[in-house]
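Here's the structure we're looking at; comments come further down.
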Amino acid sequence: MTSGKMKWTQHKLRQTGYPLVEWLFVAKQAGKSFGILRDGSWVIETADGLAGLQDNALIFAYPLLNTTKMDIHEGITVATHGITELSVATFPMKEVIIHAIKRGGYWAQRAFEWLPELDLEISEIKMLVSAIESIENNKQGTTQNLRHQARKQRILLTSRLTNMTPE
């Protein structure tokens, strides 16, 4: 992740009728510019304006799955060091990973590599197991390799869930 200059600029926000908002460019990864709004929430620059990193806009952050957790952490730490006028929300990498797995395909395969590092709650594990079962059972639109990886991840997550659930 390459760090940006610490300068607030104005840009349109695509989700709310394109008003101008102030944002701070933080980093560029895989050709995408990431930044922070004044309220501390993370955004990504798209052709239509800034998109908050939640819900459907998480798809724009999928290229981060091709990098490492350390690269992301270092880039964000360096870029946000010294920002005292706002409380920076934690970068939503867990949400990006979960979203990619729910969508399936190539990005789900990349997201599987991140699963062991995630601190997941019971409800998140159950939701992921369900999404992964969908990948396993989709013989028409999914490669055999991805289905086998999904099975392996489902078994690992189920084991984690068993270890977390009190008897």
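The values are calculated or read from the model by the stated rules, or taken from the named source; none is laboratory data. Note that the structure is predicted; figures quoted are calculated from it, not measured. Here the Cβ is made from the backbone with ideal geometry for all residues, glycine too, and neighbour counts use every protein chain on show.
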Exercise for the section: Kindly establish whether Glu45 is in contact with a Gly (Cβ under 9 Å, 6 or more places away or on another chain) and at pLDDT 80 or above. Expected result: yes
Problem - Looking only at segment 145-166, and only at residues there that are in contact (Cβ under 8 Å) with a residue 24 or more places away in the chain and closer than 15 Å to Ile122 by Cα, the one that is surrounded by the fewest Cβ atoms within 10 Å (Cβ to Cβ) - result: Thr165
Exercise for the section: Tell me, please, whether a residue that is among the small types (Gly, Ala, Ser), outside any loop (DSSP other than H, G, I, E, B), outside the structural domain of Leu65 (by TED's automatic domain parsing) and surrounded by 11 or more Cβ atoms within 10 Å (Cβ to Cβ) can be found in segment 90-101. Expected result: yes
Exercise for the section: Please work out if Glu121 is assigned by TED's automatic domain parsing to the domain that holds Arg154, within 14 Å of the chain's Cα centre (by Cα) and at pLDDT below 95. Expected result: no
Practice task
Give me a count of the residues in segment 113-144 that are part of a helix (DSSP H, G or I) and free of Cβ contacts under 8 Å to residues at least 12 places away in the same chain.
Solution key: 4
Exercise for the section: Restrict the check to segment 63-70 and report whether at least one residue is in contact with a helix residue (DSSP H, G or I) (Cβ under 7 Å, 6 or more places away or on another chain), at pLDDT below 80 and closer than 21 Å to Ile98 by Cα. Expected result: yes
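Residues are listed down the side, and each one gets a yes or a no for (1) at pLDDT 80 or above; (2) in the same structural domain as Tyr106 (by TED's automatic domain parsing); (3) of a type in the set (Asp, Glu):
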residue	(1), (2), (3)
Lys7	no, no, no
Lys12	no, no, no
Tyr18	no, no, no
Ser33	yes, no, no
Asp55	no, no, yes
Ile59	yes, no, no
Problem - Yes/no for Arg110 being assigned to a helix (DSSP H, G or I), under 19 Å from Thr68 (Cβ atoms) and either of a type outside the set (Ser, Thr, Tyr) or more than 20 Å from the chain's Cα centre (by Cα) (or both) - result: yes
